[in-house]
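Shown next, in structure tokens, is the structure this report addresses.
The values are calculated or read from the model by the stated rules, or taken from the named source; none is laboratory data. No experiment lies behind these values; they were computed from the predicted model shown. Cβ placement follows ideal geometry from the backbone for every residue including glycine, while neighbour counts extend to all protein chains displayed.
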Amino acid sequence: MTPDNDFARLADFDSMKSELTRIRHHLHANPELSFEEAETARFVAEKLEAWGYEVTRNVGGHGVVARLTVGAGTKSIAIRADMDALPIEEQTNQPYASKFTGKMHACGHDGHTTVLLGAAEYLARTRRFSGTVNLIFQPAEEAGGWSGAQAMIADGLFERFPFDAIFGLHNHPGAPEGTWLMRSGPLMAAADTVEIKVHGKGGHASRPHLTIDPVVIACNIVVALQSVVSRNIDPTQTAVVTVGAIHGGEVANVIPESARLLITVRSFDPKIRDLLEARITKLASAVADGFGAKTDINYTRGNPVVVNSETETEFARTVAEELVGADKVSICPLIPGSEDFSHFLQHKPGSFLRLGNGVNSPILHSDKYDFADESLTVGAAMWARLTERYLA
Ligand code: NI
């Protein structure tokens with residue numbers, strides 16, 4: 001066993017604090033939306049090249065992968081940071097607030113990118129590991145649908161930059177700066193949407209017997225869907241089915257031809273996700289069929305569940321406890337938001353960690369949100385020590 005002081009400590013990053021803060025403020029002032037991260041990618045790639053990484057640009061769009069092999073070790077680790085901002089008008093009044101109208105780093109991806117750059121500089125300078133580290137700077141996390149993680153995977157991420165396990169982090173408003181929240185197994189929800197069109201037969205409101213009324217059918221579907229979670233999901237598990245929109249008809253004296261429902265579905269378990277899709281689809285079409293109507297059901301899968309592997313999560317927990325002390329590492333509650341890091345975890349073992357952003361931090365995607373600079377060196381030290389321990 002290598003003595004503990006051979007691995008990165010928080011104190012090793014004290015001298016980097018002002019530089020990391022400067023980098024974070026630069027990125028914060030210059031936000032770029034999903035698929036537009038050209039300048040952020042260039043900024044990141046130039047630094048990584050200067051530090052001696054083998055840098056590949058334009059992986060799945062504006063993605064950047066920096067690779068560094070030290071020693072003869074055969075293990076390989078990947079760490080991912082997301083780079084994109086959101087279409088929000090910033091209201092923080094910070095001197096480093098966004099220079100661009102309607103664009104803002106309201107999810108802290110400026111901090112995630114800075115943290116990984118901090119670790120990158122340290123690892124290239126100290127080179128106290130044996131194996132290969134892959135630093136993945138990902139675009140378009142916020143895109144929904146076809147997002148940056150999927151684009152990088154489709155562009156050969158796993159084949160071109162092989163690695164054994166992957167780690168990532170998101171800042172966590174509500175937890176103290178510099179603390180860690182971790183969870184084995186499901187952490188963040190799968191987010192799916194469903195559009196159901198009910199095709200009936202329109203006619204005069206006074207002669208309903210000559211019609212197939214899609215409004216009545218749509219209402220019956222809404223009621224039937226209330227049984228999906230309550231009658232099909234194990235009560236120790238959780239899921240959400242919300243009908244967020246119901247549209248049909250324009251006036252009082254006409255039965256319309258069709259009606260339309262829009263539904264949000266959230267789940268924390270891939271099997272439950274499959275069950276929800278099967279039940280919603282079957283129930284809606286069966287209800288409509290019972291009334292003599294037809295349905296078009298468009299079930300769109302968004303990000304899958306973030307499922308952290310146990311070995312990698314417990315490894316990260318050990319490293320974090322060594323770094324900041326066990327009192328600053330806790331079990332993360334389930335988070336109903338979604339995250340496209342889940343796509344990596346469908347193929348590779350790994351863990352998505354949460355880094356405290358302050359108990360008084362505005363929530364994510366708020367126009368007053370700001371990444372906590374106090375967490376920058378803790379994040380960078382964590383990625384550095386995790387890499388050194390993984391590739392020891
Ligand atoms: Ni985010």
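Assorted remarks:
- Scanning segment 151-173 for residues that are in contact with a helix residue (DSSP H, G or I) (Cβ under 8 Å, 6 or more places away or on another chain) and within 16 Å of the ligand (Cβ to nearest atom) yields Phe167, Gly168, Leu169, His170, Asn171.
- Segment 106-119, subset touching a helix residue (DSSP H, G or I) at 6+ places or on another chain (Cβ under 7 Å) and over 15 Å from Gln138 (Cα atoms), residue surrounded by the most Cβ atoms within 10 Å (Cβ to Cβ): Ala119
- Subset of segment 336-369 that is more than 18 Å from Trp383 (Cβ to Cβ) and in contact with a Phe, Trp or Tyr (Cβ under 9 Å, 6 or more places away or on another chain) - its residue that is modelled with the lowest pLDDT: Pro336
- Qualifying residue in segment 87-98 (condition: loosely packed, with under 14 Cβ neighbours inside 10 Å, over 28 Å from Phe158 (Cβ atoms) and hydroxyl-bearing (Ser, Thr, Tyr)): no
- Cβ pairs under 7 Å, 6+ apart, first in segment 96-110 and over 19 Å from Asn357 (Cα atoms), second among the acidic types (Asp, Glu): Ser98/Glu90; Thr101/Glu89; Gly102/Glu89
- Every residue from segment 124-169 that is touching a Ser or Thr at 6+ places or on another chain (Cβ under 6 Å), aliphatic (A, V, I, L, M) and under 16 Å from Val55 (Cβ atoms): Val133
- Near pairs, Cβ below 7 angstrom, 6+ apart or cross-chain, from segment 324-345 (closer than 19 Å to Glu177 by Cα and in the same structural domain as Leu157 (by TED's automatic domain parsing)) to any residue that is surrounded by fewer than 19 Cβ atoms within 10 Å (Cβ to Cβ) and of a type in the set (Asp, Glu): Val329/Glu321
- Qualifying positions in segment 120-144 - small (Gly, Ala, Ser), surrounded by fewer than 20 Cβ atoms within 10 Å (Cβ to Cβ) and away from the ligand (no atom under 16 Å from the Cβ): Ala124, Ser130
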